[in-house]
Amino acid sequence: LGYGNGMTLARGLCTMLLAGFLFAPRPTDGLAWIPAILYTVERLLDYFDGYVARITGQETKLGAILDMEFDGLGFLIAIILGIQYGQLPVWYLVLGLARQLFVAGMWLRQRWNKPVYALPPSDNGRLIAGFQTSFVSIILWPALSPQITLLASYLFAIPLIFSFGRDWLVVSGVLDADSSAY
């Protein structure tokens, strides 16, 4: 499987351990840091797993699929924890489900025999996703007050909403990715 896939599988382990906190009250004292540490480690591993796979020549289709699925699942779990801990508003759950809703929307378009257009590679999308997952990682750290994180959630939500909206307009054919409007 190689080192990159090993790192991706370690991300999966961090994600599953993080999910265990969904079924318990927020930990206190030193244990309160564990969810934040797990998601931060998962994010750091995500930053390096693809790079390690590329430089070792061990990129695999399995690694690419697991990477994308762990991204969405980890993000969703971290958002649910953020809501559970009072660090994020409940409406933020929609952003946690955005990738799954986007994929479901494309599947429905195909099922209804409507065209689904390809998305071009986007540095902006990666940047927005990076900021978003970093923000969600930070809000899990118990040192931040809900007043700060709730305000910041609005500021971080806006670019993500616009990014998914723009991408939806492209895959649905409303917006041409080659146009200046894109």
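The values are calculated or read from the model by the stated rules, or taken from the named source; none is laboratory data. Fair warning: this is a prediction, and the values are worked out from it, not measured in the lab. Side chains included, ligands, DNA and RNA excluded: accessible areas come from the protein's heavy atoms. Shrake-Rupley method; radii C 1.70, N 1.55, O 1.52, S 1.80 Å.
Remark on L144: its backbone amide H falls under 5 Å from none of the residues 5 or more positions apart or on other chains, H modelled at 1.01 Å from N.
Phi-derived couplings, Karplus 6.51 cos²θ - 1.76 cosθ + 1.60 at θ = phi - 60°, listed residue by residue for the stretch 109-114: 4, 5, 4, 8, 6, 9 Hz, with x used for Gly and Pro.
Note on the chain: with neighbouring protein chains present and a 1.4 Å probe, carbon and sulfur make up 70 percent of its accessible heavy-atom surface. For the chain, relative contact order (Cα pairs under 8 Å, six or more residues apart, normalised by length) works out to 25 percent. Using θ = phi - 60° in the Karplus curve 6.51 cos²θ - 1.76 cosθ + 1.60, the 3J(HN,Hα) couplings for the stretch 53-70 round to 4, 5, 6, 8, x, 10, 5, 9, 5, 4, x, 5, 5, 4, 4, 5, 5, 5 Hz; x is entered for Gly and Pro. Counting only Cα atoms, the size of the stretch 96-167 along its three principal axes is 49, 22, 16 Å, in decreasing order.
Kirkwood analysis of the stretch 132-182, using all unique Cα-Cα pairs, places the hydrodynamic radius at 12.8 Å. 3J(HN,Hα) along the stretch 143-156: 7, 9, 7, x, 4, 6, 5, 5, 5, 4, 4, 5, 5, 7 Hz, from the Karplus curve 6.51 cos²θ - 1.76 cosθ + 1.60 with θ = phi - 60°, whole Hz, x for Gly and Pro.
At q = 0.14 Å⁻¹, what log₁₀ I(q)/I(0) does the stretch 1-96 have when each alpha carbon counts as one equal point scatterer in the Debye sum? Scattering profile of the stretch 1-96, log10 relative to I(0): -0.54. Counting pairs of Cα atoms in the stretch 30-71, how many percent are more than 15 Å apart? Roughly 50 percent, rounded to a whole number.
If you take the Cα atoms of the chain, find Rg, then find the Kirkwood Rh from the mean of 1/r over all pairs, what is Rg/Rh?
Here the Rg-to-Rh quotient is 0.99.
For the stretch 78-128, taking Cα atoms only, Rg and Dmax work out to 14.8, 42 Å respectively.
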